[in-house]
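Encoded as structure tokens, the structure appears first; notes follow it.
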């Protein structure tokens, strides 16, 4: 067992029990079982401080029938076959609420005596179950190895969740051992009191038991006014952020974005959008995301979407030159036209609405935008023949065509021109696109208002002249629309997408309910959308999302 020490010390107990199966969700007093965790060190050989003297106990084994479903660890060399198959798993319980872990052999045999090794004070090993009501100071992730009499063993994890809203609660004292909630990882951020959106300030990030010396800043535009803000975290090149088990391996990150879910009570719109973009073509610039719980300065701060930060390090990770030029489209004037978005007034320069984020010359220096200005001017002014002949030499056409398919299907109205990244290596290679910011998507506006499902994809040319040129071209347009139709029966098949929604929903559901306890009232009273009279809770929002996807996909399928 890897010794996870509670805030009030340890005792050692042994008893004759079997392993049970945990059920239930994330409500107070309930338990949730997940796939077994990895077993750790043998408590008999593991060192460490102890604040309570070890004790031992044993009783007779159970006689009742065990539940089904088993997992076993390595057997001793002298045990030729497994006979018990003890059941382990992961159980979640809120501080101050009772937890019962039934114990039995999966095979139905009597497990005989058993042990868990070191256990925290208050945890009782009874003849047929483990019983515990953790105190308000015992929030942590406790990992045990359940070993039965014949030597078979299995990991057993109990996650005790901080009861932040309970009077008398003690905040999490040791973030290194408070690593998860209801299956989501926990990130502890200690931010400087002077944190702002202007410059990075010193910060400490604790994640999965590792303490990072980092820097942090607020990020966003309208979201800077949210009480639950978004953050950019910056890590040292000698100690990059690592989460190997999420998002296909979220590792080696120099910068990480914590996207607030304050404006999305599905808690999954951003993740769903990026995953659909990644699915459409593995050759895309892939944005990795996953959900996590954040504690800010020792206080529970709720569910966030953890995401890549699009920058030169991201470009290098995607196989592009770190020295390339990276631009961010920030307003609707980033429309690949020479006129402003909502008038015929000429722009002051072709790149109006776009800022340079990486590359030389830096933004503000002479020549900083020359390659981008050339692309925009060519898009706006080239003849049909020149456009068709030169487009593939200038841009990765698949990127920009897929941008149109993807953003119009999810109705990402605020991300069809603005909220996008454009990368170009002046030393050679086509322009590349990377998506960003999808709180306005899947049936809601950036102000969380409801919106319909019947916008025609061709109509999105208002936001982007590249879309217009590709769709109007007699060679590209028909093939592009046909590929849209094909995607709806393959990678974007509605049942496949709904299955993805269900996966993401299951990942966050218990943590979403816990987040709502903290933020629902402020969400509904927030000045950006408190004029709404149709607020619904997380479960109802998930129903709305699923229905909207069904309606939207059906509508678009009828067009192409």
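Key figures for this structure:
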{"read-out": "Unmet criterion (only one of (1) under 29 Å from the mean Cα position of the chain (by Cα); (2) surrounded by fewer than 17 Cβ atoms within 10 Å (Cβ to Cβ); (3) without any contact (Cβ under 8 Å) to a residue 60 or more places away in the chain; (4) assigned to a helix (DSSP H, G or I)) for residue 535", "value": "(4)"}
{"read-out": "Conditions (1) surrounded by fewer than 19 Cβ atoms within 10 Å (Cβ to Cβ); (2) outside the structural domain of residue 424 (by TED's automatic domain parsing); (3) in contact with a helix residue (DSSP H, G or I) (Cβ under 9 Å, 6 or more places away or on another chain); (4) closer than 21 Å to residue 395 by Cβ; number of the one not met by residue 279", "value": "(4)"}
{"read-out": "Among the residues listed as 537, 515, 533, 551, the single one being more than 15 Å from residue 272 (Cβ to Cβ) and touching a strand residue (DSSP E or B) at 6+ places or on another chain (Cβ under 7 Å)", "value": "515"}
{"read-out": "Test: residue 218 is under 16 Å from residue 437 (Cβ atoms) and touching a helix residue (DSSP H, G or I) at 6+ places or on another chain (Cβ under 8 Å)", "value": "yes"}
{"read-out": "Of all residues making up the stretch 299-321, the number that are farther than 16 Å from residue 433 by Cβ, touching a strand residue (DSSP E or B) at 6+ places or on another chain (Cβ under 8 Å) and in a loop (DSSP other than H, G, I, E, B)", "value": "1"}
{"read-out": "Subset of the stretch 139-171 (residues that are under 19 Å from residue 96 (Cβ atoms) and surrounded by fewer than 24 Cβ atoms within 10 Å (Cβ to Cβ))", "value": "141, 163, 164, 165, 166, 167, 168, 169, 170, 171"}
{"read-out": "Unique match (being crowded, with 18+ Cβ neighbours inside 10 Å, within 23 Å of the chain's Cα centre (by Cα) and in a loop (DSSP other than H, G, I, E, B)) among 492, 523", "value": "492"}
{"read-out": "Residue in the stretch 315-335 that is crowded, with 20+ Cβ neighbours inside 10 Å, touching a residue at least 12 places away in the same chain (Cβ under 8 Å) and on the phi > 0 side of the Ramachandran plot present", "value": "no"}
{"read-out": "Count of the stretch 107-127 residues which are part of a loop (DSSP other than H, G, I, E, B) and crowded, with 22+ Cβ neighbours inside 10 Å", "value": "3"}
{"read-out": "Number of the condition not met by residue 379 [criteria: (1) buried (at least 18 other Cβ atoms within 10 Å of the Cβ); (2) under 20 Å from residue 276 (Cβ atoms); (3) in contact (Cβ under 8 Å) with a residue 40 or more places away in the chain]", "value": "(2)"}
{"read-out": "Extreme residue, nearest to residue 141 (Cα to Cα), among residues of the stretch 179-196 that are surrounded by 15 or more Cβ atoms within 10 Å (Cβ to Cβ) and more than 18 Å from the chain's Cα centre (by Cα)", "value": "190"}
{"read-out": "Residue 366 being without any contact (Cβ under 8 Å) to a residue 24 or more places away in the chain and farther than 30 Å from residue 195 by Cβ", "value": "yes"}
{"read-out": "Among (1) in contact with a strand residue (DSSP E or B) (Cβ under 9 Å, 6 or more places away or on another chain); (2) assigned to a helix (DSSP H, G or I); (3) not assigned by TED's automatic domain parsing to the domain that holds residue 220 - the single one residue 272 does not satisfy", "value": "(3)"}
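Yes/no per residue for (1) surrounded by 15 or more Cβ atoms within 10 Å (Cβ to Cβ); (2) out of contact with any strand residue (DSSP E or B) (no Cβ under 7 Å at 6 or more places or on another chain); (3) within 25 Å of residue 500 (Cα to Cα):
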{"residue": "226", "(1), (2), (3)": "yes, no, no"}
{"residue": "229", "(1), (2), (3)": "yes, no, no"}
{"residue": "234", "(1), (2), (3)": "yes, no, no"}
{"residue": "243", "(1), (2), (3)": "yes, no, yes"}
{"residue": "247", "(1), (2), (3)": "yes, no, yes"}
{"residue": "257", "(1), (2), (3)": "yes, no, yes"}
{"residue": "262", "(1), (2), (3)": "yes, yes, yes"}
{"residue": "267", "(1), (2), (3)": "yes, no, yes"}
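The values are calculated or read from the model by the stated rules, or taken from the named source; none is laboratory data. Only a predicted model underlies this, so the values are computations on that prediction, with no experimental measurement involved. Positions of Cβ are backbone-derived with ideal geometry, glycine not excepted, and every protein chain shown enters the neighbour counts.
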